[in-house]
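The values are calculated or read from the model by the stated rules, or taken from the named source; none is laboratory data. Since we're looking at a predicted model, the values are computed, not measured. Ideal geometry is used to build each Cβ from the backbone, glycine not excepted, and the neighbour counts take in all protein chains shown. What goes into the accessible areas is simple: the full protein's heavy atoms, side chains included, and nothing from ligands, DNA or RNA. Shrake-Rupley method; radii C 1.70, N 1.55, O 1.52, S 1.80 Å.
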Amino acid sequence: MSRPLTRSAALSPAWPLPLFLLRTAWGDQPFDELTGYVSGLAGSHLVEVTGEPVRMLDGISPASGPTALLPGLVTGLRRSVGSHPAPESLALLTAAPGDSSSLPAVPSLRSDVAEAGWGVLVRDPASRQAVVLTCVHPHPDVLRWRARGIADCPVPPQPDGPSAALFALGQAVVEAAELIERTTTRVGQAGDLDLDSHVTRLPAGLPSRLIELVDRIDRVEAIITVALAQPDVGVDPAAREPILRRLVAVKDAARRAAVAAAGDAASRGA
């Protein structure tokens, strides 16, 4: 039986990292934008480098912080551009309770992503070497990063496209209409529904269709967060759990679709 959803079902605010990576590797975003984004995610950073030896992690010292990981990841992505589909090189991985649909069958990778709830996979399609990067918040202003080298990593399952993701998101919202209506009514009366706090920071240059998708995801994220914080609101607990689980699953799938589509668009223009 899968564990129940909690407030931690929301992905880390760092989940757009693969979008910043691909805009740097395959677009025109300056490298300083990427390092500034990563450095600004928290006041302090802890880094662990583990797993098997891989080219992208050669010479990395954990004491140098997470920005020391970025040159190897960006170089690895640039080597793969044009030779393989972008999702074979870069993917967002998610693991909401009971959902492992985005994860390659690598036990150490699955364990890391399950612990963090998400991860970024940067993979060399030619050698099959990969790095999975995860991070967790042990303290509100501290991020603990783990970079795991994987010597032989299969291609992760591919997500649907943005149109299918938007449709699935809308369908899940319709199925959750009663819970959403009761939650927003209760919270609206209290004046505590803050959609602005769930606005994702994105890199410049993304297609408008993907920005629209992420905006829709942010709104669903806000509703999920509020609903999880108020377990007494809406339908009975036995019924609300699968409703929220479905919302979280399609919201995370939509984020994976956004990353995959952005990667395809960026690699075609590289």
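List every residue whose amide H lies under 5 Å from the amide H of Leu93, counting only residues 5 or more places away in sequence or on a different chain, with H placed 1.01 Å from N in the peptide plane.
So Leu93 has HN proximity to Gly119, Val120, Leu121.
Within region 206-220, list the residues whose amide N lies under 13 Å from a label point set 7 Å along Cα→Cβ of Arg268.
Of the residues in region 206-220, 207-210 have backbone N under 13 Å from the label point off Arg268.
With Cβ to Cβ distances under 14 Å as the rule, what net charge do the other residues near Ser163 carry (K, R +1; D, E -1)?
Summing Lys and Arg as +1 and Asp and Glu as -1 gives -1.
How many nm is it between the label spots at Ser111 and Gln158, if each spot is 7 Å from the Cα in line with the beta carbon?
With each label placed 7 Å out from Cα toward Cβ, I get 3.1 nm.
How big is the accessible area of Arg110 in square angstrom, nearest 10, if you roll a 1.4 angstrom probe over the protein chains?
80
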